[in-house]
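Novice: Before we start, here is the structure in question, set down as structure tokens.
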Amino acid sequence: MRAERVHRMLRLQRELGEQGRNLSEIDVSDPDDVTIMEPRDGHVLKLLLGIAIMRCGYRNFVTHYAEIVERFAGCGDARSAVRGRITVVE
């Protein structure tokens, strides 16, 4: 169990490379999801990346961040694990 979690964390760090250097927290306790906390614009954002498409989910979030802020100001969590879509939940 612990070895699996360590493997997921190391995989995430490897996949994100330099893009992941600002993460404040990585949660790999859920076997089906990887959750990261990332400071942006004075807030800490919680991103649920899934397990299969961590890098794609994160890149999708980064690419569309400005649009997310504009459209969903005030919402709390952004989920990017559903086939490349980003869902923001309050």
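The values are calculated or read from the model by the stated rules, or taken from the named source; none is laboratory data. Just so it is clear, the structure is predicted and the values come from calculations on it, not from any experiment. Cβ sites come from the backbone with ideal geometry, for glycine too, and all protein chains shown count toward neighbours.
Novice: Residue pairs, Cβ under 9 Å, 6 or more apart or interchain, first in the range 23-37 and crowded, with 19+ Cβ neighbours inside 10 Å, second part of a strand (DSSP E or B) and small (Gly, Ala, Ser). List them.
Specialist: Within 9 Å, the pairs are 34/81.
Novice: Considering only the range 33-71, state which residues are in contact with a strand residue (DSSP E or B) (Cβ under 9 Å, 6 or more places away or on another chain) and assigned to a loop (DSSP other than H, G, I, E, B).
Specialist: 33, 34, 49, 50, 51, 52, 53, listed by residue number.
Novice: Also, quick follow-up: Pairs only if they're at least six apart or on different chains, beta carbon under 9 angstrom, first in the range 54-82 and modelled with pLDDT under 75 and surrounded by 19 or more Cβ atoms within 10 Å (Cβ to Cβ), second assigned to a helix (DSSP H, G or I) and small (Gly, Ala, Ser); list them, first residue then second.
Specialist: From residues that are modelled with pLDDT under 75 and surrounded by 19 or more Cβ atoms within 10 Å (Cβ to Cβ), the pairs are 79/57; 80/57; 81/57.
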